[in-house]
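The values are calculated or read from the model by the stated rules, or taken from the named source; none is laboratory data. Please read these numbers as outputs of a predicted model, since none were measured by experiment. Using ideal geometry, Cβ is built from the backbone for each residue, glycine included, and neighbour counts are taken over all protein chains shown.
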Amino acid sequence: MNKDNKKLGLDTLAIRGGISRSHEQEHSEALFLTSSYVFDNAEQAALTFANERDGNVYSRYTNPTVRVFEERIAAMEGAEEGIGTASGMAAILCTCMALFNAGDHIICSKDVFGATISLFTKHLSRFGLEVSYVALDDLDAWRAAIQPNTKGLFIESPSNPRAVVGDIRALADLAHEHEALLLVDNCFCTPALQKPIEFGADIVIHSATKYIDGQGRALGGAVVGSKEHIDAVRMFIRAAGPYMSPFNAWVFLKGLETLRLRVEAHSAGAMALALWLNEHPKVAKVYYAGLPDHPGHELAKAQQKAFGGVVAFEIHGGREQAWKVIDSTQLLSLTANLGDAKTTIVHPATTTHGSLTDEQREQAGIRDSLIRVAVGLEDIEDIKADLELGFSAI
C-alpha cells in the first residue's frame, strides 16, 4: 500500500488505510481479542510501558485492531492522528478532560445533541469548566461570547436535528485568533461529505455508532487531530479506560469500506424526502440544508459534498399530533439512533433532547411539533408511503 495518504483517494483510504498485517498475512483485517500482550523480556516490557518502544501494552488503550481503525479514520479526515473511544459521547468527554482545565471557558453551539449539552452543563461544569451557549449560525454572538479564558469552541455542523450550518472556517479563524481550539462533531456528514480539518478545525469528533457502522450494530466513537492533541487524549483514556472495543473496531472497519456509497445514497433519499415533505399540506416546516430556501444552503454547498441523511420537520399541531404521526407509521423504526440502513423516526423533544430544560429546548428550536427522520436505504417511495400513514392519523 502507498504510505503517502495524501496521494490516495477517499475510497482507497476507506478500504486500505491503516492495514498492518500480522505474521499470518491475512487479507481482511485481523480481530485481536486479547486483553494484554506478552513481552520477550523485562527490559522490553519496561520500554514499552514507558512509551520508549512501539508496541501494545494493554487493550484498555492499545489494540492492533483498534489501531487500524484509528489510522484509517484519521487518514480519511486528513488528520495526523486518531483514537477510538467507547462511544461518541465518550469521545467528547475524553477530549474535554484531556485538553481543558478547571477555569477554562468553552463556547458551545445551542444547536447540538441534547446529551452534549447535558455533559457540559450537568457534569463537566462540576469540575470547573465554564460553558456558554450561542446560536451556531450567528458569528457575532460567537465573537461576543469570547472571554480571556476561552480555550475551545464546540459545534456540530449540520446540527442535530434541525440542520443548522456553521461556518467552520470563520469559527476556526475566530478560535485561533484567541488561541483557542475549534472542535467539530462531524457525525452527520462523516469524512465522505465534509472534512472540517480542511477548513481549519483542530479536533474532529465522531459517533462511529452512526454512519461509520451503518447498520446499528455497535457503539463507538473517534477523535482525530494533531498528534499532540490526540496523544493527550490517549493518556487520559489510558488512565480512565473508555477505549473502543476490538470487536467494535473490526465492525467499524467493515463499515468504512462502504461509507461513501452509503452516505451518498442516504443523502439522495433525504433530498427526495425533504422535497416531498416541503409540499405536504400537513407539514408546517422542513429543516434540511439541501432545500434552496434553507438559511444555511449556500454554506452547506461550500463545505459539504452532499446534505446528509437526516430530515427534520414540524407538523401542524403539537406533541399529541406528532406522536400520532410517529405511532401510525408501520415501516419506520421508532428509535433515537441514526445512520442506519433502516430508516428511523423519533420525537426529539421527548427523547434525544428530553433531558434539556424547556428554555434550552426553545433556544435550540426543539419544539413539540418537531419530528426527525434519519433516512435509511429502503426504497424512498416506501418511506413516503409509511409517513403518509402517519399523516393520515392527524
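Screening Glu381, Glu359 for residues that are farther than 21 Å from Pro281 by Cα and free of Cβ contacts under 8 Å to residues at least 40 places away in the same chain leaves exactly one candidate, Glu359. Taking region 214-265 as the range and being of a type in the set (D, E, K, R) and over 19 Å from Pro64 (Cα atoms) as the test, the residues that pass are Arg217, Glu228, Arg260, Arg262, Glu264. Scanning region 9-33 for residues that are polar (S, T, N, Q), free of Cβ contacts under 8 Å to residues at least 40 places away in the same chain and under 22 Å from Asp213 (Cα atoms) yields Thr12, Ser28. Checking each residue in region 321-354 for being more than 14 Å from Gly114 (Cβ to Cβ) and either aliphatic (A, V, I, L, M) or not assigned by TED's automatic domain parsing to the domain that holds Gly309 (or both) picks out Ala322, Val325, Ile326, Leu331, Leu332, Leu334, Ala341, Ile345.
Take the conditions over 19 Å from the mean Cα position of the chain (by Cα), surrounded by fewer than 17 Cβ atoms within 10 Å (Cβ to Cβ) and not basic (Lys, Arg) and apply them to Ala322. Does it pass?
Here the answer is no, as Ala322 does not meet what is asked.
Could we say that Ala289 is surrounded by 15 or more Cβ atoms within 10 Å (Cβ to Cβ) and in a loop (DSSP other than H, G, I, E, B) here?
yes
If you check Ala270, Ala284, Ala300 for being among the small types (Gly, Ala, Ser), in a helix (DSSP H, G or I) and in contact with a strand residue (DSSP E or B) (Cβ under 9 Å, 6 or more places away or on another chain), only one passes: Ala270. Scan region 317-357 for residues that are assigned to a helix (DSSP H, G or I) and small (Gly, Ala, Ser) and jot them down. Scanning region 317-357 gives Ala322, Ser328, Ala349.
Candidates in region 362-376 are the residues that are in a loop (DSSP other than H, G, I, E, B), touching a residue at least 60 places away in the same chain (Cβ under 8 Å) and not polar (S, T, N, Q); of these, the one that is nearest to Leu275 (Cα to Cα) is Val375. Scan region 98-114 for residues that are within 22 Å of Gly241 (Cβ to Cβ) and surrounded by fewer than 18 Cβ atoms within 10 Å (Cβ to Cβ) and jot them down. Result: Asn101, Ala102. Of everything listed in (1) part of a loop (DSSP other than H, G, I, E, B); (2) surrounded by 12 or more Cβ atoms within 10 Å (Cβ to Cβ); (3) free of Cβ contacts under 8 Å to residues at least 12 places away in the same chain, the single unmet condition for Thr48 is (1). Considering every residue within region 205-223, establish whether at least one is part of a helix (DSSP H, G or I), touching a helix residue (DSSP H, G or I) at 6+ places or on another chain (Cβ under 8 Å), aliphatic (A, V, I, L, M) and buried (at least 24 other Cβ atoms within 10 Å of the Cβ). Looking through region 205-223, none of the residues is part of a helix (DSSP H, G or I), touching a helix residue (DSSP H, G or I) at 6+ places or on another chain (Cβ under 8 Å), aliphatic (A, V, I, L, M) and buried (at least 24 other Cβ atoms within 10 Å of the Cβ).
Just one of the listed residues (Ala393, Ala385, Ala364, Ala302) is over 26 Å from Ala218 (Cβ atoms), crowded, with 23+ Cβ neighbours inside 10 Å and of a type outside the set (Asp, Glu), and it is Ala364. Screening Gly84 with (1) within 18 Å of Cys187 (Cα to Cα); (2) part of a loop (DSSP other than H, G, I, E, B) gives one miss only, at (2). Of the residues Phe252, Phe247, Phe313, the single one that is buried (at least 23 other Cβ atoms within 10 Å of the Cβ) and more than 18 Å from Asp185 (Cα to Cα) is Phe313. Residue count for region 87-122 satisfying the condition of being in a helix (DSSP H, G or I), aliphatic (A, V, I, L, M) and in contact (Cβ under 8 Å) with a residue 40 or more places away in the chain: 10.
Looking at Ser87, Ser118, just one residue is of a type outside the set (D, E, K, R), surrounded by fewer than 18 Cβ atoms within 10 Å (Cβ to Cβ) and within 30 Å of Thr335 (Cα to Cα), and that residue is Ser118.
The residue that is surrounded by the fewest Cβ atoms within 10 Å (Cβ to Cβ), counting only those in region 325-350 that are under 21 Å from Val263 (Cα atoms) and β-branched (Val, Ile, Thr), is Thr335. Residues Val204, Val223, Val184: which one is in contact with an Asp or Glu (Cβ under 7 Å, 6 or more places away or on another chain) and either at negative phi or of a type outside the set (A, V, I, L, M) (or both)? That would be Val204, the only listed residue that is in contact with an Asp or Glu (Cβ under 7 Å, 6 or more places away or on another chain) and either at negative phi or of a type outside the set (A, V, I, L, M) (or both). The residue that is surrounded by the most Cβ atoms within 10 Å (Cβ to Cβ), counting only those in region 51-84 that are of a type in the set (Phe, Trp, Tyr) and more than 13 Å from His206 (Cα to Cα), is Tyr61.
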